[in-house]
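Okay, structure first, notes after.
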Amino acid sequence: MRFRVVVSRDLWHKAYSELSVGNQRLAWGQIQRSYHDGQCDLLVRRLWFTRSVPSGESQSPAFDWILLDSPLNTDPGQARRIIEQSHLRTGQLLAYMQVGLGENRDQWIGAISHLGNMEPIQKLLFVGPEMESFSRSTSLKTEQSIPAKWSRVAGGMGHSVLRKFRRQLPMVVGTGRIGSLVAESLVRMGVRRIILVDPDQIEAFNLDATFGTCHGDIGRSKVGAIARHLNRIRPGSLIHALEKDISDKSVIDQARRCDLLISCVDNDAPRRSTAILANQLLKVHLDIGTIVRAFNDSNSEPSENSPREIAADVRLLLPRSCVMCVGGLREPSGITTSKTSDTTLSSLGQRLEPVDMWRSGGRLGSLLSINEIAVGSALQMWLDLLAGQVRQSMWQRIRWESGRGLSVASGSVAGRKDCPICGIRAVS
């Protein structure tokens, strides 16, 4: 079994900055196990500072936890002594890591103690800017060269970002007009592995703008048709098609493997489910939605000549923010939260009112033009995150104003601490 510690970048650095300079002695917190592909991810959600080694005897036998240590010396027996002082109960798992090692204080080592055995921690993954993954080995593997077919893409995004991009495993939730375009764009840009999730079949009205479908696909599963299309574009692609709802257990199991969850759905229920899944599994969530609806101030039904609103919302959400707490998603009944969010488009100083665009009246249909604008913007957000240029959650609201052109309100957003999906406190 290979063990990997997964933690949001900002949480790690808040703890590391205090430990590495000696302001704090230890940091610890509960972890959650997530198994997939012969690997166990250890998900870290919060950390607290402490001067003494916590005792497992004060917790339940099912309590798994992590302990970050910044020792004054690299005595090889330190790890075993700390683990012995932890007084683990039968069944508990402890991930012990020494951080701030080496001449530049940037190295780490770690071990897992469970049922009397010790095994090394193989990797450390930061969820957030750059999506960095560090091995316990300090030697760097030689990067493979970029194939000629992606030479122009490499020039556009940079070789280092492209190499990182090609290793990503995204899950696309919803494979209609937007989701099929997202999937095809990812494959053409170099991603080899994609998981597609959609329980629906292709209907006649899907054919106008659902990429990879034709008349003969009517009645067939969306994910199956799109998977076949993607494999024609790039033979050897690993496309996993799941004709399931996002809440299905098999989908949740596959999501454990992913680096990014992309929701391309047209109603709140699967969007909320994706947000919950992203929070539970400590994943980045990219949400894309578009709308074409009538402007109508009267109570009459919209007509052919009614003015149209053509718009899109694109949200890139890092851990500790979600589509519920940044706005734009109805809160389900039975959940008590504050009335409004204090989230703002900080770059413009403009308040983001939690308007539920997707369920408002007067909806007329869909346009490939606004879909392509939204998808391009969303994927560029993801590339900027991999490059480290985006460092916190972002929201773009895109509108096409007839006769005037495109207007975009864009800026960073932050989740709220009382959110029932993602509201947690960081290092304290």
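Bear in mind these aren't lab numbers, they're just calculated from the coordinates by the rules spelled out. Computed from a predicted model, the values in this text were never measured in an experiment. Because the Cβ atoms are built from the backbone with ideal geometry, glycine has one as well, and the counts that use them run over all protein chains shown.
In percent, what relative contact order does the range 178-326 have, based on Cα pairs under 8 Å that are 6 or more apart in sequence?
Numbers: 223 pairs, mean separation 28.1, N = 149.
Computed over the range 178-326, the figure is 19 percent.
Using 0.36 nm per residue, how much length does the chain from Arg167 to Arg399 gain when fully extended, once their Cα-Cα distance is taken away?
Stretched fully, the Arg167-Arg399 segment lengthens by 80.2 nm.
Specify whether the C-alpha gyration tensor of the range 366-428 places it in the rounded, prolate or oblate class, a ≥ b ≥ c being the square roots of the eigenvalues: rounded for a/c under 1.5, otherwise prolate if a/b is larger than b/c and oblate if not.
Here the range 366-428 falls in the prolate category.
If you stretched the chain out fully between Thr50 and Thr90, how much longer would it get, using 0.36 nm times the residue separation minus the C-alpha to C-alpha distance?
On the way: separation 40, 0.36 × 40 = 14.40 nm, distance 2.34 nm.
Gain in length upon complete extension: 12.1 nm.
Obtain the nm distance between the two label points defined at Asp253 and Lys417 by a simple spin-label model: each point lies 7 Å from its Cα along the Cα-to-C-beta direction.
Going from the Asp253 label point to the Lys417 one covers 4.0 nm.
Is the shape of the range 168-320 best called rounded, prolate or oblate, per the rule: a/c under 1.5 gives rounded, else a/b larger than b/c gives prolate, else oblate, with a ≥ b ≥ c the square roots of the Cα gyration tensor eigenvalues?
oblate
Under the rule a/c < 1.5 gives rounded, and otherwise a/b versus b/c splits prolate from oblate, where does the range 1-134 land using the Cα gyration tensor?
Rounded, because the longest to shortest axis ratio a/c is under 1.5.
What are the residues whose amide H is under 5 Å from the amide H of Cys40, where those residues sit 5 or more places off or on another chain and H is modelled from the backbone?
Excluding prolines and chain starts, which carry no amide H, the hits are Arg2, Phe3, Arg4.
Can you list the HN-Hα couplings for the range 126-132, worked out from phi with the Karplus curve (6.51, -1.76, 1.60; θ = phi - 60°), rounded to whole Hz and with x for Gly and Pro?
9, 8, x, x, 6, 6, 6
Collect residues whose amide H, placed 1.01 Å from N in the peptide plane, falls under 5 Å from the amide H of Val99; neighbours closer than 5 in sequence don't count.
The list, which skips near neighbours in sequence, is Asp69, Ser70.
Using 0.36 nm per residue of separation minus the Cα-Cα distance, give me the extension gain between Gln107 and Leu364 in nm, one decimal.
That pair, Gln107 and Leu364, stretches by 86.9 nm at full extension.
How many nm separate the modelled label positions at Arg391 and Gln30, each set 7 Å beyond the Cα in the direction of the Cβ?
Calculated label separation equals 3.1 nm.
Measuring from label point to label point, each 7 Å out along Cα→Cβ, what is the His13 to Arg188 span in nm?
Each label point is offset 7 Å from its Cα along the Cβ direction, giving 3.4 nm.
Residue-wise, which Karplus ³J(HN,Hα) couplings in Hz belong to the range 174-185, taking 6.51 cos²θ - 1.76 cosθ + 1.60, θ = phi - 60°, and x for glycine or proline?
x, 10, x, 4, 7, x, 5, 5, 4, 4, 5, 4
Run the dipole for the range 105-228 about the Cα centre, Lys and Arg Cβ at +1, Asp and Glu Cβ at -1, nothing else charged, and hand back the magnitude in debye, nearest 20.
Charge dipole of the range 105-228: 520 debye, to the nearest 20.
Given Lys164/Lys249; Lys283/Lys417; Lys249/Lys417; Lys249/Lys283; Lys164/Lys283, which pairs have Cα atoms separated by over 25 Å?
Lys164/Lys249; Lys249/Lys417
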